[in-house]
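The values are calculated or read from the model by the stated rules, or taken from the named source; none is laboratory data. As the structure is a prediction and not an experimental result, all values here were calculated from the model. Cβ coordinates were reconstructed from backbone atoms using ideal geometry, including for glycine residues, and neighbour counts include every protein chain displayed. Side chains are part of the model used for accessible areas, which takes the heavy atoms of the whole protein and leaves out ligands, DNA and RNA. Shrake-Rupley method; radii C 1.70, N 1.55, O 1.52, S 1.80 Å.
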Amino acid sequence: AFDRLNFPGKNVLFMGMLALMMVPGQIFIIPRFKLMVNLGLTNTLVGLVLPGLFNIFGVFLMRQFFTGVPNELLDAGRIDGLSEFGVYTRIALPLVTPALSALGIFTFLGNWNSFLWPVIALDSKEKYTITLGLAQFSAENASQWELIMTGASVATIPIIIIFLIFQKKIIEGVQLTGVKG
């Protein structure tokens, strides 16, 4: 929407969102928690995952990639009879899959390594994330370093698997950013 649609205040709204990227994320913890309480999502996996799926960096990254999609391709789809949703899903979205892959990995890594939000959002130990579980092995008097290092090593396995799955798309995205056209 920030790239293709024209609406009043588009640039002001986008600049405001970019300005919010400069604000530390910890400031939004209390409003986010109050929202999850009002929605009844505290101590649930949905309440843990949902806030991490949306971020301003993702809006910025996707806008930059959609700017590189030629209008001629989108117009050709419209001429062929595609609806706006069809143009988006059949033409524009496949062209930005490298950016979507990169954004997915960034979002996954940010949420996988998150400590502050899970410690606030979760009450029961059964739902703890791996970072909270690793923190349980550390105490003031005695830390169980062998368990912490083993857990940290095991925690990297999903990250490596995700990277291996999306490696081709990431490299393609990096190559596309260097192409002028």
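A139 passes every criterion in (1) in contact (Cβ under 8 Å) with a residue 40 or more places away in the chain; (2) not in a helix (DSSP H, G or I) apart from (1). Filter segment 42-55 down to the residues that are free of Cβ contacts under 8 Å to residues at least 60 places away in the same chain, part of a helix (DSSP H, G or I) and surrounded by fewer than 16 Cβ atoms within 10 Å (Cβ to Cβ), then identify the one that is farthest from the chain's Cα centre (by Cα). Going through the qualifying residues, I end up with V46. Report yes if some residue within segment 11-30 is within 24 Å of K125 (Cβ to Cβ) and open to solvent by less than 70 Å² (accessible area, probe 1.4 Å); otherwise report no. Yes: segment 11-30 contains one or more residues that are within 24 Å of K125 (Cβ to Cβ) and open to solvent by less than 70 Å² (accessible area, probe 1.4 Å).
For segment 83-107, give me each residue that is of a type outside the set (G, A, S) and either touching a His at 6+ places or on another chain (Cβ under 9 Å) or open to solvent by less than 60 Å² (accessible area, probe 1.4 Å) (or both).
Within segment 83-107, the first condition is being of a type outside the set (G, A, S), and the residues that meet it are 84-85, 87-91, 93-98, 100, 103, 105-107.
Across segment 83-107, the qualifying residues are V87, T89, I91, L93, V96, T97, P98, L103, I105, T107.
One residue is enough: does segment 145-161 have a residue meeting the conditions open to solvent by less than 40 Å² (accessible area, probe 1.4 Å), part of a loop (DSSP other than H, G, I, E, B) and in contact with a Gly (Cβ under 9 Å, 6 or more places away or on another chain)? No, because not a single residue in segment 145-161 is open to solvent by less than 40 Å² (accessible area, probe 1.4 Å), part of a loop (DSSP other than H, G, I, E, B) and in contact with a Gly (Cβ under 9 Å, 6 or more places away or on another chain). Against the test of being touching a residue at least 60 places away in the same chain (Cβ under 8 Å), over 20 Å from F14 (Cβ atoms), open to solvent by 60 Å² or more (accessible area, probe 1.4 Å) and over 21 Å from the mean Cα position of the chain (by Cα), the options D80, D123, D75 yield a single qualifying residue, D123. Within the span defined as segment 58-65, one or more residues are assigned to a helix (DSSP H, G or I), open to solvent by 50 Å² or more (accessible area, probe 1.4 Å) and in contact with an Asp or Glu (Cβ under 6 Å, 6 or more places away or on another chain). Candidates A102, A135, A121, A139: the one that is at pLDDT below 85 and closer than 26 Å to F28 by Cα is A102. For segment 126-144, which positions are exposed (fewer than 10 other Cβ atoms within 10 Å of the Cβ) and either in contact with a helix residue (DSSP H, G or I) (Cβ under 8 Å, 6 or more places away or on another chain) or of a type outside the set (S, T, N, Q) (or both)? Within segment 126-144, E126, A139, E140, A142 qualify.
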